[in-house]
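Presented below is the structure to which this report refers.
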Amino acid sequence: MKKLTLWFALLLPLTLMAQQTLNSGPQKNQLIELYTSEGCSSCPPADQWLSNYKSHPQLWSDIIPVAYHVDYWDYIGWPDRFAAPSYALRQRQHARQGNISQVYTPGFVVNGKEWRGWYRSKNAPAIGDANVGELTITIEQEKFSARFDQPADRLTIAVIGFDLKTPVKAGENKGELLNHDFVVLGVKDYQVSGSAWQGELPPVSAKYQDTPLAIAAWVSDSRSLKPIQVVGGLID
């Protein structure tokens, strides 16, 4: 996989110096979503569990992790700098669709289904050898084009960051230095018929210009958050 150099304006789409193509292969890959918060004292162990995937041999080839920081614990004393209302909304949509039993942190959703085995140090459940189709995304400059060879009408692209540290000065984690990986720094949904998409990548703040970054992209039906196929890779 080719590495790319990134440059940022204050708040502009990613500008990539070379073209990069990511391909999922036909076998179904695994999207691991963590819903977490710097204001939640139970979350750091889950954050660390997710960080362990940085050294997993199947990272990017079969396993794509992302961490959504939610904002509903900000009121108890520490506003999470990575949180966004839309991330909490996505978790609530999972609950409304029956994918999770309730909204809580830390909460894992693996391929659209609630999973609680992380606290027993288990790996996320295997998903078998199902062939679901190939998702290909090509990135050049701040733009992308993507294609999926099966029916799907929504593409989601997330820009995720690594090696992010926060010294927490208030709230339940006061005095802790929290370490984060796979943090969603920007995300956008793209909808079109015909299983082909093109457009601009999600914007990311210039304050992350020195942060190692990756892209995760997945396709789904617009009526469900369950991913059909997912692909990802480093772009740092």
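Convex hull volume of the C-alpha atoms in the chain, normalised per residue: 116 Å³.
Counting only protein heavy atoms and using a 1.4 Å probe, the accessible area of LEU185 comes to about 30 Å².
Near the amide H of GLN141, within less than 5 Å, lie the amide hydrogens of LEU16, ALA18, all on another chain or at least 5 residues away, with H placed in the peptide plane.
Element breakdown for region 84-216 at a 1.4 angstrom probe: carbon and sulfur atoms account for 45% of the accessible area. Dimensions of region 60-132 from C-alpha coordinates, computed as largest minus smallest value along each principal axis and given longest first, are 44, 26, 23 Å. A simple spin-label model places the labels of LYS165 and TYR104 3.2 nm from each other, with each point 7 Å out along Cα-to-Cβ. For a straight C-alpha distance cut-off of 21 angstrom, the lysines reachable from LYS165 (same-chain residues fewer than eight places away being disregarded) are LYS54, LYS174, LYS207. Hey, if you drop one equal point scatterer on each alpha-carbon of region 39-173 and run the Debye formula without solvent, what base-10 log of I(q)/I(0) do you get at q = 0.09 Å⁻¹? These q points yield log10 I(q)/I(0) values of -0.33.
Determine Rg/Rh for region 102-236; Rg is computed over alpha-carbon atoms and Rh is the Kirkwood hydrodynamic estimate from the same atoms. Kindly include the intermediate steps, with their values, before the conclusion.
Working: Rg = 17.0 Å, Rh = 16.9 Å.
For region 102-236, the value is 1.00.
Relative contact order for region 153-199: what is it in percent, counting Cα pairs under 8 Å that are at least 6 residues apart?
On the way: 71 pairs, mean separation 22.9, N = 47.
That works out to 49 percent.
Region 58-83 and region 160-211 have Cα centres spaced 8 Å apart. Shape index of region 137-186: Rg/Rh, with Rg the Cα radius of gyration and Rh the Kirkwood radius from the inverse mean 1/r over Cα pairs, equals 1.23. What is the Cα centroid distance between region 114-150 and region 23-42, reported in whole angstrom? Centre-to-centre (Cα) distance: 9 Å.
The phi-based Karplus calculation (6.51 cos²θ - 1.76 cosθ + 1.60; θ = phi - 60°) puts the 3J(HN,Hα) values of region 183-189 at 6, 6, 9, x, 8, 8, 9 Hz, whole numbers, x for Gly and Pro.
Segment SER86..THR21, full-extension length gain: 20.6 nm, with 0.36 nm per residue of separation and the alpha-carbon distance subtracted.
Partner aspartates and glutamates whose Cα lies under 14 Å from the Cα of LYS28, excluding those fewer than 8 positions away in the same chain, are identified as ASP62, ASP129, GLU134, ASP149.
A Förster distance of 30 Å, applied to the separation of the beta-carbon atoms of SER145 and ILE76, puts the FRET efficiency at 0.10. When shorter helices are ignored and each DSSP H run of at least 4 residues is given -39500 (n - 2.57), the per-residue value for the chain at 222 nm works out to -2500 deg cm²/dmol.
The values are calculated or read from the model by the stated rules, or taken from the named source; none is laboratory data. Bear in mind the structure is a predicted one, so any value in this text is a computation, not a measurement. When we count neighbours, we look across all protein chains shown, and the Cβ atoms used for this are built from the backbone with ideal geometry, even at glycine. Ligands, DNA and RNA are stripped out before the accessible areas are found, and what is left, the full protein with its side chains, is counted by its heavy atoms. Shrake-Rupley method; radii C 1.70, N 1.55, O 1.52, S 1.80 Å.
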